[in-house]
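The values are calculated or read from the model by the stated rules, or taken from the named source; none is laboratory data. It should be emphasised that the depicted structure is a prediction, and the values quoted were computed from it without experimental measurement. Cβ coordinates were reconstructed from backbone atoms using ideal geometry, including for glycine residues, and neighbour counts include every protein chain displayed. Keep in mind that these areas ignore ligands, DNA and RNA; they rest on the heavy atoms of the full protein, side chains included. Shrake-Rupley method; radii C 1.70, N 1.55, O 1.52, S 1.80 Å.
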Amino acid sequence: MWHDKLGAGGSAEVPRKPGPSPWLQMGSAISAGLQLAVLRKPNPNQVAFTAGSFWLALLLVAPWYAAIDYFMAGSPRQFSANGFESLAGHSLLSLFVCYLLLKSLSREAMLWSLATLFAYGALIPMAIYAVAYDAIPDGGDETSNRQWIIYTALALWWAAMLWRALSGLAAGTPAARRVLLSFAAAAVLAAANWLMPSGEFWYTDYYALYRDRPEEEPLVAEDVLPSQPLLLTKALDRIVPGTKGKPSLYFVSFAPYAKQGVFAKEAHYTEHLFESDLGAKDRTLTLINSRASVASTPLASVSNLRTALRELGQKMILDQDILFLYLTSHGSRDAQMAVNLPGVGLHDLGARDLAGMLDAAGIRWRVIVVSSCYSGSFIPELRNDHTLVITAARADRTSFGCSDTAEFTYFGRAYFQQALSRTRSFVDAFGIARDLIHQWETEQKFQHAEPQIDSGSLIQTKLEQWQATLPPRVPATDSATPAEPAVADAEKTQLIGQQRIYQRLSLGSLALSSIVLLVLLFAQLRAYLRHRERSLLVLTLSSAMGLAVLPFHLLAMGAGADAERYMHLFYASLVLTIAQWMSAVIGTLALLRSYGSLAERVRVGPISSPNLPALLPSGDSGQVGVSAESANN
């Protein structure tokens, strides 16, 4: 009855207008954030978001960043939950910076709106940053490489986004102050994100390359170890003592990893090189772990290396002769080299243990070359005034080329096959090899290993005295043009290059089409919830189906880029890209046609899609009406 609608004062109560649905609020947040990414100023009346909107944004952007990490990582990939910790840490940092920014403008009430907009808006810059990081070649200079260039561009994009956001959320404050604070906040964000520990959702699992290989039947220790003392004694007996008054070079190669044949190949090649061209004939020793040579060659074990160095110390004239020690294997960040022979338990070789062996043997003049991942970590323990240390990588970088099909690692090919064929100076050869490795890694889009060198203050003079004793080198005719690393034949190399081009094009197209479909999905859903048009529901479902193929697209693209036998899956991913774009274009045209149909039905003439949210249900007749007040809003 009518009096039931009267309040205590006898006046009718005005029904409370229901707030926007969570779906609409989420769609508005995503739409406004993506518009902010293209520097469109937000309307403060339409972006009044809450804390819940911000935390929901973190959940929604996580799959996007996981997809970016997936394509940034090389094969084989491994998932890591550290990505969630990193995302949370960086997001809280952004929230804190947004608070300081708004606090400086006395607009703290807009904190959750700004933080939510920035969370969604950063999706596009980060995707472009990932593609640019992978596509732009590195110039080689540590202070001006591609990371700094594109990261600076990313920081400037953040600054522009913050400036445009403040133009809407903090209107009325001095414009110059908004600009300065936006750039200051972006600089703080960029510096903090660069320095903060970063965890990825996906990373390259290099150890899986050999960990997951089928194991051969292991050797039996009792069949292998008894013959070692005799094999080592025979190898040492053939080494001649030093000659008084003539500096001599002694060479030892140590290839302790049996699961990949490239290390044994390098050991044999370097032994022949030093005997034939570098004056070490009858002064070389090779220690190798390989199933093929356990009956003929001493093992590359820590105990055999210790014995060999001790015996060499007795044959060398310690104040004039030089030891060249070459170690090639896998390595770790804690200065350990992997020593492996299936079926025979062996200790790994550490940098400190190696330095102790050399000191105990009394060997004074040393050239030590370590070829492994993270080999730069060996330098602190091995450096002294009488030692030249060369490593294939920085202490925090991996090196490349260790596979059964390769004849050399990248470093082995560059330093021993290429550089030492042009010069007998170990230092000059390092400079040549470093440039070659940088060139190959740039062409392959690998992170640069950055080989290292540490030369003692006295060793160079001793090396020059030894070089003066060598006969002139016969000019070589087959080494003028440096060969690229033999990682694949010509056909496979061409295929890999095509895959990289297709992957880049497909990734960029995938990102753009997904963004278009995502915007369409929320626009169509928002329109359907307001007008209950069946055609709009069909469009919403079509866009959702277009996004639903995204996981299959990612799997197909990743598989096709990882191995040539999956190339048909990679082509399938390109087809999915085309399908997504067709869905996006058709959905856009159909949505605009629906807008025009609705506008015709309410007899207000053609309207554009940004005005559609102003259309509100009116009355009980089911028709759509527009008031002047709502249209203005």
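Scanning the range 90-107 for residues that are surrounded by 16 or more Cβ atoms within 10 Å (Cβ to Cβ), at pLDDT below 85 and part of a helix (DSSP H, G or I) turns up at least one hit.
The single condition from (1) modelled with pLDDT under 85; (2) of a type outside the set (Gly, Ala, Ser); (3) in contact with a helix residue (DSSP H, G or I) (Cβ under 8 Å, 6 or more places away or on another chain); (4) open to solvent by less than 80 Å² (accessible area, probe 1.4 Å) that Thr204 fails is (3). Residues that are touching a Phe, Trp or Tyr at 6+ places or on another chain (Cβ under 7 Å), at pLDDT 90 or above and either exposed (fewer than 11 other Cβ atoms within 10 Å of the Cβ) or within 21 Å of Phe400 (Cα to Cα) (or both) within the range 440-489 comprise Pro451, Ile453, listed in sequence order. Residues of the range 70-89 that are farther than 15 Å from Asn193 by Cβ, within 14 Å of the chain's Cα centre (by Cα) and either part of a helix (DSSP H, G or I) or among the aliphatic types (A, V, I, L, M) (or both): Tyr70, Phe71, Met72, Ala73.
Yes or no, residue by residue, for (1) crowded, with 16+ Cβ neighbours inside 10 Å; (2) within 30 Å of Ala176 (Cβ to Cβ); (3) at pLDDT below 90:
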site	(1), (2), (3)
Pro63	no, no, yes
Gly83	yes, no, yes
Leu87	yes, no, yes
Ser113	yes, yes, no
Ala119	yes, yes, no
Pro137	no, no, yes
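Counting only residues that are free of Cβ contacts under 8 Å to residues at least 40 places away in the same chain and closer than 22 Å to Ala119 by Cβ, which one in the range 159-178 is least open to solvent (accessible area, probe 1.4 Å)? Among those residues, the one meeting the criterion is Ala159.
Within the range 398-420, one or more residues are farther than 28 Å from Pro472 by Cβ, charged (D, E, K, R) and open to solvent by 10 Å² or more (accessible area, probe 1.4 Å).
The set of residues in the range 329-359 that are assigned to a strand (DSSP E or B) and more than 34 Å from the chain's Cα centre (by Cα) contains only Val344. On inspection, Asn289 fails the criterion of being open to solvent by 10 Å² or more (accessible area, probe 1.4 Å) and of a type outside the set (Gly, Ala, Ser). In the condition set (1) open to solvent by 70 Å² or more (accessible area, probe 1.4 Å); (2) touching a residue at least 24 places away in the same chain (Cβ under 8 Å), Leu232 is compliant with all but (1). Within the set Ala419, Ala414, the sole residue that is modelled with pLDDT of 85 or more and over 30 Å from Tyr133 (Cα atoms) turns out to be Ala419.
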